[in-house]
Amino acid sequence: MGGEPAKWVSMVTARTPTNIAVIKYWGKRDETLILPINDSISVTLDPNHLCTTTTVSCSPSFDQDRMWLNGKEISLQGGRFQSCLREIRARAQDVEDEKKGIKIKKEDWQNLHLHIASYNNFPTAAGLASSAAGLACLVFSLAKLMNLKEDNSQLSAIARQGSGSACRSLYGGFVKWVMGKEDNGSDSLAVQLADEKHWDELVIIIAVVSARQKETSSTSGMRDTVETSALIQHRAKEVVPKRIIQMEDAIQKRDFPSFARLACTDSNQFHAVCLDTYPPIFYMNDTSHRIISCVEKWNRAEGTPQVAYTFDAGPNAVMIARNRKTAALLLQRLLYNFPPQSDTDLDSYIIGDKSILEDAG
Ligand code: DP6
């Protein structure tokens, strides 16, 4: 007996893609629990592209919780991170791994410290939903580490408390965040509408108009909108509920013209409520507007939509092409009209399916 007890490290790594809303979440009815004022629908990107990779570890030799984001240590004091951690620790189970000599009782999780390392393979906080992938990945990997029994939908309600849009990244394919009715948020969670194979001919191309961090965060932007915009109430109560039903239908039927029209008009209305906020919020810039005109002109000339666009809280354009052929044509047009690193102020493109580069010539 005696001597130092054996020290061990238990570790889990997970990778979670970001998601792009085609019917937007904008506005909260509860800031602490992160409860939205409307349902939203998103498409989760391919995990090979915009994603976060997170490794979580615990060991009796760690004396405090620590986290590194893209190699730089960051503070864990934020209320949102602590809420997620509290919720996960409360559901933690026993963990036993005889080979590694690990035996953790569920009550031990209250005192075991964590080390967390997270990497985004895309610009952080530039309107590419980095918080969505980040928080979803954190909750998922901690849930595996602590052996939680909850399913992805129940985990989504925890990720939601880290960042609203994160709850939708717990699933692939098309996902709906149901706003819920309960004051405690227990029914405000993500459900999968269709998996990633359901409509796999769609190709996503993202024009990184600017990889700089956005000036107004989503959190403060939507708070200002709820406080000052008259339009947001109309949007949340009248417009979005109808669009949600229509969008679910378009996804089930793979009806691209309806899908594109709904996604584009919803993005435009989201930016309209930003403009209706006082002081106004401008997330899009001239290049974003020119990209919209380019896509709209093309869709009109074709007589039926070939490409949908949507913009989150930043100037970057997310474009969804109806198939690979259209994606190749879109890329040609974009490269011609908006060559990267030129005076168009466009940084780069992220292409959902790289093999379309061959088709694009
Ligand atoms: C424009 O989820 O980043 O991307 O809940 O305050 O963390 P918080 O906000 P966040 O907002 C995302 C807003 C959006 C639209 C969307 O993803 O639905």
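The values are calculated or read from the model by the stated rules, or taken from the named source; none is laboratory data. Note that the coordinates shown come from a computational prediction; the quantities given were computed from them, not determined experimentally. Ideal geometry is used to build each Cβ from the backbone, glycine not excepted, and the neighbour counts take in all protein chains shown. In case anyone asks, the SASA skips ligands and DNA or RNA and just uses the protein heavy atoms, side chains included. Shrake-Rupley method; radii C 1.70, N 1.55, O 1.52, S 1.80 Å.
A few points about this structure:
- Among the residues of the stretch 91-107, the one identified as loosely packed, with under 15 Cβ neighbours inside 10 Å and part of a helix (DSSP H, G or I) is GLU107.
- Residue in the stretch 193-215 that is least open to solvent (accessible area, probe 1.4 Å), counting only those that are more than 20 Å from SER40 (Cβ to Cβ) and of a type in the set (Asp, Glu): GLU201
- The strands (runs of 3 or more DSSP E) falling completely within the stretch 8-74 that include 2 or more residues that are surrounded by fewer than 18 Cβ atoms within 10 Å (Cβ to Cβ) map to 10-17, 28-30, 51-59, 66-69, 72-74.
- Only one of VAL12, VAL22 that is more than 19 Å from the chain's Cα centre (by Cα) and either more than 24 Å from SER163 (Cβ to Cβ) or of a type outside the set (S, T, N, Q) (or both): VAL12
- Out of ALA250, ALA190, ALA230, one residue alone is more than 15 Å from the ligand (Cβ to nearest atom), open to solvent by less than 60 Å² (accessible area, probe 1.4 Å), out of contact with any His (no Cβ under 7 Å at 6 or more places or on another chain) and not hydroxyl-bearing (Ser, Thr, Tyr). It is ALA250.
- Exclusive hit being modelled with pLDDT under 95 and either on the phi > 0 side of the Ramachandran plot or in contact with an Asp or Glu (Cβ under 7 Å, 6 or more places away or on another chain) (or both), set ALA207, ALA211: ALA211
- Condition check for ALA236 on (1) touching a helix residue (DSSP H, G or I) at 6+ places or on another chain (Cβ under 6 Å); (2) in contact (Cβ under 8 Å) with a residue 60 or more places away in the chain: one failure, at (1).
- Any hit, the stretch 182-189, residues being under 16 Å from LEU45 (Cα atoms) and touching a residue at least 40 places away in the same chain (Cβ under 8 Å): no
- Contacts under 9 angstrom Cβ, first residue in the stretch 95-113 being over 21 Å from GLN82 (Cβ atoms), partner of a type in the set (Gly, Ala, Ser) and loosely packed, with under 15 Cβ neighbours inside 10 Å, 6 or more apart: GLY101/ALA6
- The stretch 162-258 holds helices (runs of 4 or more DSSP H) entirely within its bounds, and those carrying 3 or more residues that are farther than 27 Å from SER355 by Cα and charged (D, E, K, R) map to 218-228, 240-253.
- Residue check, ALA117 open to solvent by less than 40 Å² (accessible area, probe 1.4 Å) and in a helix (DSSP H, G or I): no
- Number of the condition not met by SER131 [criteria: (1) modelled with pLDDT under 90; (2) in contact with a strand residue (DSSP E or B) (Cβ under 8 Å, 6 or more places away or on another chain); (3) surrounded by 19 or more Cβ atoms within 10 Å (Cβ to Cβ)]: (2)
- Those residues of the stretch 33-51 which are within 11 Å of the ligand (Cβ to nearest atom), closer than 15 Å to SER163 by Cα and among the β-branched types (Val, Ile, Thr), in sequence order: ILE34
Yes/no matrix, rows are residues, columns are (1) among the charged types (D, E, K, R); (2) open to solvent by 40 Å² or more (accessible area, probe 1.4 Å):
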{"position": "MET179", "(1), (2)": "no, yes"}
{"position": "ASP224", "(1), (2)": "yes, yes"}
{"position": "GLN246", "(1), (2)": "no, yes"}
{"position": "ALA260", "(1), (2)": "no, no"}
